[in-house]
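Here's the structure, in structure tokens; my notes come after.
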Amino acid sequence: MASTAKTFGKVLRERRLACGFGLREFAQMVGVSSTYISQLEQENIDPPTAERAAKMAGILGENADEWIALAGRVPDDLEGIIQKEPIGMPALLREANGLTAEQLKRLAEEAKKMKGGKS
């Protein structure tokens, strides 16, 4: 049975074409070679770094965190956040695991309120 999950390369190609970007044009915007983008889309190489996935997402008007996750990476800022609170943050993440998207949104809103509205 074939996997129906969308891979980074497939999503990248789909969104790049939907946005009307040619291979060379998009590669130039990202700051890489067109060969690199082609190899990504064909899934001949590993997905990009978190930073590069975020840049691609931004160019395509997509959510950077979703694209970083699709690439199998973790956003660069999370390591520092977890290191600041090495007991509390992992515990919070473990408890939040399994919540629905709506529940996570409400939890994030409550956390923002607790911080006084600062992001």
Query raised in the report: At what distance in nm do the modelled label points of Lys105 and Ile45 sit from each other, each positioned 7 Å from its Cα along Cα→Cβ?
Result: 3.7 nm
Query raised in the report: Using the Cα gyration tensor of segment 80-119, with a ≥ b ≥ c the square roots of its eigenvalues, what is the shape: rounded (a/c below 1.5), prolate (a/b larger than b/c) or oblate (neither)?
Result: oblate
**Report entry** P(r) histogram, all alpha-carbon pairs of the chain included - 10 Å bins from 0, percent
**Finding:** 12, 35, 28, 21, 5, 0
Query raised in the report: Where in segment 9-52 are there GluC sites (Glu not before Pro) that are in a DSSP coil and have at most 14 other Cβ atoms within 10 angstrom of their Cβ?
Result: Glu43
Query raised in the report: So which lysines pass the test for Lys55, namely a Cα distance under 25 Å, with those fewer than 8 places away in the same chain ruled out?
Result: Lys6, Lys10, Lys105, Lys118
Query raised in the report: Angle between the Cα long axis of helix 50-60 and the longest principal axis of the chain, 0 to 90 degrees, nearest 10?
Result: 70 degrees
Report summary line: With the charge dipole of the chain built from beta-carbon charges (+1 for Lys and Arg, -1 for Asp and Glu) about the Cα centre, the Cα from Ala108, Ala91, Gly22 projecting farthest to the positive end belongs to Ala108
Query raised in the report: trypsin sites (Lys or Arg not before Pro) within segment 1-103: which are DSSP loop residues with at most 16 other Cβ atoms inside 10 Å?
Result: Lys6
Query - Backbone N under 15 Å from the Met114 label point (7 Å along Cα→Cβ), restricted to segment 59-96 - result: 82, 85-96
Query raised in the report: Out of residues 5 or more away from Glu62 or on other chains, whose amide H comes under 5 Å of its own, with H placed 1.01 Å from N in the peptide plane?
Result: none
Query raised in the report: From the phi of every residue in segment 11-22, what ³J(HN,Hα) in whole Hz does the Karplus formula 6.51 cos²θ - 1.76 cosθ + 1.60 yield, where θ is phi - 60° and glycine or proline is x?
Result: 5, 4, 4, 4, 6, 4, 5, 4, 7, x, 8, x
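Values in this text are rule-based calculations from the coordinates and carry no lab data. If you're wondering where the values come from, they're calculated on a predicted model, not measured in any experiment. No Cβ is skipped: glycine too gets one built from the backbone with ideal geometry, and neighbour counts run over all protein chains shown.
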